[in-house]
Amino acid sequence: MEEETYTTGQAARILRMTDRGVRKMIDRGELEASTDDRGRHLIPQRALHAVLEERRFDAAPAEISVEEATRSAQEARELRERVEGLQRELGRLEGRLELTERTESTMREERERLERLLEEERTERRRLQEELDAERARGFWQRLFGG
């Protein structure tokens, strides 16, 4: 019975790497392979699974010392305190932003009110100017004797 094999492309997908990376592993002797009559590499299933198992073992968490655990716990505490401080600062900044938005809204409303008043004053000024011009157009004697 013939052993199941993979091409370099198939092995690359399984190992989540490039074809070139698989060929380098073969060249370095890290991955067993044979060549077929066309010169292509054929990787035995058992060899590829051995590499996967080795990677899984390498990725497994190693035992850590008490000092490392203490240092990690201290770093975690410091990071938690920093995050809490940043959250407080964010809350303060959000409060300031809300106050700024309210102030801006109030100022915008006041500006609009003042612009309306200014327009009313301009209209009144034009009306009074027209009255004055009409009075000046009447002669002195007409104004004096009401005629």
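The table below lists the values:
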| item | result |
| --- | --- |
| Condition met for Arg143 (modelled with pLDDT under 90, surrounded by 10 or more Cβ atoms within 10 Å (Cβ to Cβ) and over 41 Å from the mean Cα position of the chain (by Cα)) | yes |
| Residue within the range 45-54 that is surrounded by fewer than 10 Cβ atoms within 10 Å (Cβ to Cβ), part of a helix (DSSP H, G or I) and not hydroxyl-bearing (Ser, Thr, Tyr) present | no |
| Residue that is farthest from Glu54 (Cα to Cα), among those in the range 21-44 that are of a type in the set (Gly, Ala, Ser) and assigned to a loop (DSSP other than H, G, I, E, B) | Gly39 |
| Condition broken by Trp141, with the remaining ones in (1) in the same structural domain as Glu32 (by TED's automatic domain parsing); (2) touching a Gly at 6+ places or on another chain (Cβ under 9 Å) satisfied | (1) |
| Any hit, the range 49-61, residues being at pLDDT 85 or above and over 30 Å from Ile26 (Cα atoms) | no |
| Complete set of residues in the range 21-54 that are basic (Lys, Arg) and touching a residue at least 24 places away in the same chain (Cβ under 8 Å) | Arg40, Arg46 |
| Where a residue in the range 6-20 is closer than 14 Å to Leu52 by Cα and its partner, wherever it lies, is acidic (Asp, Glu), with Cβ under 8 Å and at least six apart | Ala12/Asp19 |
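The values are calculated or read from the model by the stated rules, or taken from the named source; none is laboratory data. The structure presented is a predicted model; accordingly, all values stated were derived computationally and were not measured. Neighbour counts are summed over all protein chains in view; Cβ atoms, including those assigned to glycine, are modelled from backbone coordinates with ideal geometry.
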